[in-house]
Amino acid sequence: NMIDLLCITHGLIGVELTSDANSNRIIGNIIGLNPNLSGVSGNTTGIRIYDGSDSNTIINNYIGGNSTYGVEILDSNDNSLRNNYIGTNDTSTTLGNGLDGIFIHGTSTGNTVGGVSEDDYNVISSNGHNGIWINGAATTAVAYNRIGTNRLGSSDKGNTWNGIYVSAGCLLYTSPSP
């Protein structure tokens, strides 16, 4: 299944994958922002993947202005987030989510934020708490992202608390930002 090219605003959850919703693609959407990407029209949570929804791809989306999380992954494995703007847009406008840009927690394992090359980077900036919070989710890979800056890495667009916050015995792999 593919969820693509939509503007999703003013809901409880913008996109929700649950109960073994596997191998879906969420691609090219505007979630929590107005259609011209200049202001917020948030949901409570932008994208929520949980309850064993595995191997989903979130790619090329603009996610911001949601009152809690831009993306939440709970008890789900092997999901990938690449080439997204989370809490900002490609012109560096502050469009943060109320809490964390990305929150991965529970028994989740094998999720990837970014990828294997600089072409896969996410821009994760201007969120109310952390850019990325990983809590209890083992073997989460975070690689090739721009966190707390613009897409060029030339401007301070920090998240309020931390760029990446890891808690509760997680195993985190990182590589340098491009």
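The values are calculated or read from the model by the stated rules, or taken from the named source; none is laboratory data. Just so we're clear, the structure is a prediction, and the values are computed from it rather than from any experiment. Cβ atoms come from the backbone with ideal geometry, glycine included; neighbour counts cover every protein chain shown. Only protein heavy atoms, including side chains, enter the accessible area calculation; ligands, DNA and RNA are left aside. Shrake-Rupley method; radii C 1.70, N 1.55, O 1.52, S 1.80 Å.
Brief remarks follow.
- When segment 77-94 is filtered for residues that are charged (D, E, K, R) and closer than 15 Å to ARG25 by Cα, the ones remaining, listed by number, are ASP78, ARG82.
- Number of the exception - SER125 against (1) among the hydroxyl-bearing types (Ser, Thr, Tyr); (2) farther than 15 Å from ILE73 by Cα; (3) at pLDDT below 90: (3)
- Odd one out for SER55 among (1) at pLDDT 95 or above; (2) out of contact with any Ser or Thr (no Cβ under 8 Å at 6 or more places or on another chain): (2)
- Scanning segment 81-96 for residues that are surrounded by fewer than 24 Cβ atoms within 10 Å (Cβ to Cβ) and within 12 Å of the chain's Cα centre (by Cα) gives ARG82, ASN83.
- ASP54 fulfils the conditions (1) under 13 Å from the mean Cα position of the chain (by Cα); (2) of a type in the set (D, E, K, R); (3) more than 21 Å from LEU95 (Cα to Cα) except for a single criterion, (1).
- Counting the residues of segment 56-68 that are surrounded by fewer than 20 Cβ atoms within 10 Å (Cβ to Cβ) and either in contact with a helix residue (DSSP H, G or I) (Cβ under 7 Å, 6 or more places away or on another chain) or more than 9 Å from LEU99 (Cβ to Cβ) (or both) gives 3.
- Within segment 18-39, one or more residues are open to solvent by less than 20 Å² (accessible area, probe 1.4 Å), of a type outside the set (Val, Ile, Thr) and farther than 22 Å from ARG151 by Cβ.
- Hits in segment 136-152 - residues which are over 23 Å from GLY65 (Cβ atoms) and either among the small types (Gly, Ala, Ser) or open to solvent by 40 Å² or more (accessible area, probe 1.4 Å) (or both): GLY136, ALA137, ALA138, THR139, ALA141, ALA143, TYR144
- Subset of segment 40-50 (residues that are modelled with pLDDT of 95 or more and open to solvent by 20 Å² or more (accessible area, probe 1.4 Å)): THR44, ARG48, TYR50
- Cβ-Cβ distances below 7 Å connect the following pairs, each with a first residue in segment 69-80 that is over 14 Å from LEU99 (Cα atoms) and open to solvent by 10 Å² or more (accessible area, probe 1.4 Å), a second residue that is at pLDDT 95 or above and of a type in the set (Phe, Trp, Tyr), and a separation of six or more residues or different chains: LEU74/TYR50; ASP75/TYR50.
- Some residue of segment 133-143 being farther than 23 Å from ASP54 by Cα and either modelled with pLDDT of 90 or more or in a loop (DSSP other than H, G, I, E, B) (or both): no
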